[in-house]
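Derivation of every value follows stated rules applied to the coordinates shown; laboratory data play no part. These figures come from a predicted structure and were not determined experimentally. Positions of Cβ are generated from backbone atoms using ideal geometry, with glycine treated the same way; all protein chains shown enter the neighbour counts.
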Ligand code: NAP
């Protein structure tokens with residue numbers, strides 16, 4: 001097979017691959033060269049309503065399928081992902097731009113989520129709680145929540161769906177998914193994979209097109225009992241508001257503004273390695289990317305010098321070329337946004353150490369960039385950069401570092417490098433973030449609850465908590481015993 005075999009140019013609704021009513025389509029481009037790679041249906045309200053109806057019809061049968069049958073389907077889904085890892089990864093790179101090595105990793109971690117939730121589903125236990133009076137029994141039981149609407153972003157077009165689809169299917173929920181318009185094929189491929197391994201018709205539906213119409217149809221439907229979203233905080237807030245009228249459960253994986261704090265007592269080499277992976281992975285376009293690098297004054301210059309060496313060695317190019325470590329940015333708007341951050345910081349006294357502008361490859365390629373002399377007055381102190389720009393701030397004391405790190409509405413991931421155990425505990429307690437990497441710049445793993453606090457979100461993906469988000473709890477009181 002080749003990646004084209006997974007590139008579905010239609011929507012999956014009730015087990016049928018269909019176009020939009022009236023046949024409208026949207027072009028999809030490869031960000032590495034701007035070429036059109038295919039089209040997708042421009043679906044909207046009517047198509048989404050049909051997908052919701054199909055998911056609603058499929059729900060009772062799927063919910064009542066035996067647990068082992070549902071787990072076996074997930075195991076098959078895991079194997080289908082891994083058997084087709086290279087083709088699915090190439091499809092991801094072609095539509096999104098990230099290097100092949102990262103795409104291979106994304107498909108693999110998606111498969112790991114599927115396996116994890118196949119295992120966790122067997123432990124979705126209830127409780128028997130001691131009653132306060134004689135003659136009563138209190139049972140607490142767990143149930144699939146129902147039809148789930150899923151909306152995902154372009155930066156991890158496969159794994160962001162994996163973390164939602166796997167727990168939903170594990171407990172017996174049915175799905176209506178809307179992938180990002182820039183990178184729809186990896187999302188549509190989840191439909192094709194589910195079909196291939198034998199999920200009943202209507203369990204997995206994928207609709208592409210107008211974000212506003214599709215999300216509105218999901219929010220207004222009383223049948224959709226949960227909305228799970230990964231994307232910007234701005235859109236997340238709209239979805240929370242829109243879900244209020246039908247009182248849906250919501251899970252929100254939103255924006256970040258991760259501080260990366262390096263203390264004088266850190267292992268320099270480890271800290272630089274961590275900063276490289278946290279900052280430049282996916283060309284800086286991840287929600288957990290180091291957005292602000294705070295370095296204590298005693299190690300500042302050595303850290304910047306080593307970071308510069310490593311940054312200048314990064315190979316930038318088409319993600320499908322051998323050895324490429326940084327691909328293009330998703331589109332020209334993203335490039336212009338990074339340029340604005342650079343201009344604002346320069347105006348306020350920031351200095352470019354390396355990079356600073358568009359890359360010689362042209363298009364949406366941007367140079368891996370480091371700036372020093374960053375301050376809290378610069379735009380990137382409060383806004384998400386989402387690009388390959390590493391601003392370095394200098395600090396003196398631990399208290400100052402914690403205060404600056406927490407000075408944001410976001411609270412997704414943060415990182416700190418230190419060899420002082422007592423300090424590590426103080427940081428865990430003092431940093432207002434949902435995820436904290438101590439001496440590690442790469443912390444995502446299926447066993448742990450991924451998610452933010454403050455305006456970075458609600459709910460968790462992964463870990464046992466990631467399953468809980470697709471279940472509702474019932475209490476049964478049995479009296480007269
Ligand atoms: P986005 O603009 O919020 O888009 C995400 C999804 O929402 C896409 O499918 C998009 O559809 C849809 N959408 C856009 N406008 C909408 C609206 N008004 N109503 C309903 N849906 C709408 O975010 P993005 O630019 O794709 O992704 C980057 C953001 O995601 C960053 O802020 C990043 O931090 C965050 N993120 C968070 C996590 C996490 O786990 N916390 C992980 C990855 C990314 P279209 O594509 O059709 O516009």
Exercise. Filter the range 173-210 for residues that are surrounded by fewer than 24 Cβ atoms within 10 Å (Cβ to Cβ) and within 14 Å of the ligand (Cβ to nearest atom); which is nearest to the chain's Cα centre (by Cα)?
Worked result: 180
Seminar exercise, completed: Expected single match for in contact (Cβ under 8 Å) with a residue 24 or more places away in the chain, over 19 Å from residue 271 (Cβ atoms) and surrounded by 22 or more Cβ atoms within 10 Å (Cβ to Cβ) among 418, 408 is 408
Exercise. In the range 211-230, which residues are in a strand (DSSP E or B) and either near the ligand (Cβ under 10 Å from one of its atoms) or farther than 13 Å from residue 245 by Cα (or both)?
Worked result: 227, 228, 229, 230
Seminar exercise, completed: Of the residues in the range 256-273 that are surrounded by fewer than 24 Cβ atoms within 10 Å (Cβ to Cβ) and in contact (Cβ under 8 Å) with a residue 60 or more places away in the chain, the one that is nearest to the ligand (Cβ to nearest atom) is 273
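Results for (1) within 16 Å of the ligand (Cβ to nearest atom); (2) over 26 Å from the mean Cα position of the chain (by Cα), shown as yes or no for each residue.
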residue: 301; (1), (2): no, yes
residue: 311; (1), (2): no, no
residue: 319; (1), (2): no, no
residue: 338; (1), (2): yes, no
residue: 345; (1), (2): no, yes
residue: 349; (1), (2): no, yes
residue: 386; (1), (2): yes, no
residue: 389; (1), (2): yes, no
Seminar exercise, completed: Taking the range 217-232 and keeping only residues that are over 17 Å from residue 49 (Cα atoms) and surrounded by fewer than 20 Cβ atoms within 10 Å (Cβ to Cβ), one is left with 232
Problem set entry | Test for residue 470: is it under 19 Å from the mean Cα position of the chain (by Cα) and within 16 Å of the ligand (Cβ to nearest atom) | no
Seminar exercise, completed: All conditions in (1) over 24 Å from residue 96 (Cβ atoms); (2) surrounded by fewer than 24 Cβ atoms within 10 Å (Cβ to Cβ) are true of residue 170 except (2)
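Residue by residue, here is whether (1) touching a strand residue (DSSP E or B) at 6+ places or on another chain (Cβ under 6 Å); (2) within 16 Å of the ligand (Cβ to nearest atom) holds:
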{"position": "410", "(1), (2)": "no, yes"}
{"position": "416", "(1), (2)": "yes, no"}
{"position": "426", "(1), (2)": "no, no"}
{"position": "432", "(1), (2)": "no, yes"}
{"position": "448", "(1), (2)": "no, yes"}
Exercise. Which condition breaks for residue 244 when tested against (1) over 30 Å from residue 33 (Cβ atoms); (2) surrounded by fewer than 21 Cβ atoms within 10 Å (Cβ to Cβ); (3) touching a strand residue (DSSP E or B) at 6+ places or on another chain (Cβ under 9 Å)?
Worked result: (3)
For this session: Give the number of residues within the range 437-457 that are surrounded by 15 or more Cβ atoms within 10 Å (Cβ to Cβ) and not in a helix (DSSP H, G or I).
Result: 14
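Filter the range 56-78 down to residues that are touching a residue at least 60 places away in the same chain (Cβ under 8 Å) and under 25 Å from residue 91 (Cβ atoms) and give me whichever is surrounded by the fewest Cβ atoms within 10 Å (Cβ to Cβ).
At the first step, the residues of the range 56-78 found to be touching a residue at least 60 places away in the same chain (Cβ under 8 Å) are 56-59, 61-65, 70-71, 73-74, 76-77.
Filter again for under 25 Å from residue 91 (Cβ atoms), leaving 73-74, 76-77.
Working: 73: 22, 74: 24, 76: 18, 77: 27.
Selected residue: 76.
Identify, please: which residue in the range 108-143 is assigned to a loop (DSSP other than H, G, I, E, B) and touching a strand residue (DSSP E or B) at 6+ places or on another chain (Cβ under 6 Å) and is, among those, surrounded by the most Cβ atoms within 10 Å (Cβ to Cβ)?
124
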Exercise. Would the range 167-176 turn up any residue that is touching a strand residue (DSSP E or B) at 6+ places or on another chain (Cβ under 6 Å), closer than 30 Å to residue 476 by Cα and assigned to a helix (DSSP H, G or I)?
Worked result: yes
Problem set entry | From 146, 105, residue being under 15 Å from the mean Cα position of the chain (by Cα) and surrounded by fewer than 24 Cβ atoms within 10 Å (Cβ to Cβ) | 105
For this session: Quick one: count up the residues across the range 30-55 that are farther than 21 Å from residue 147 by Cβ and free of Cβ contacts under 8 Å to residues at least 40 places away in the same chain.
Result: 3
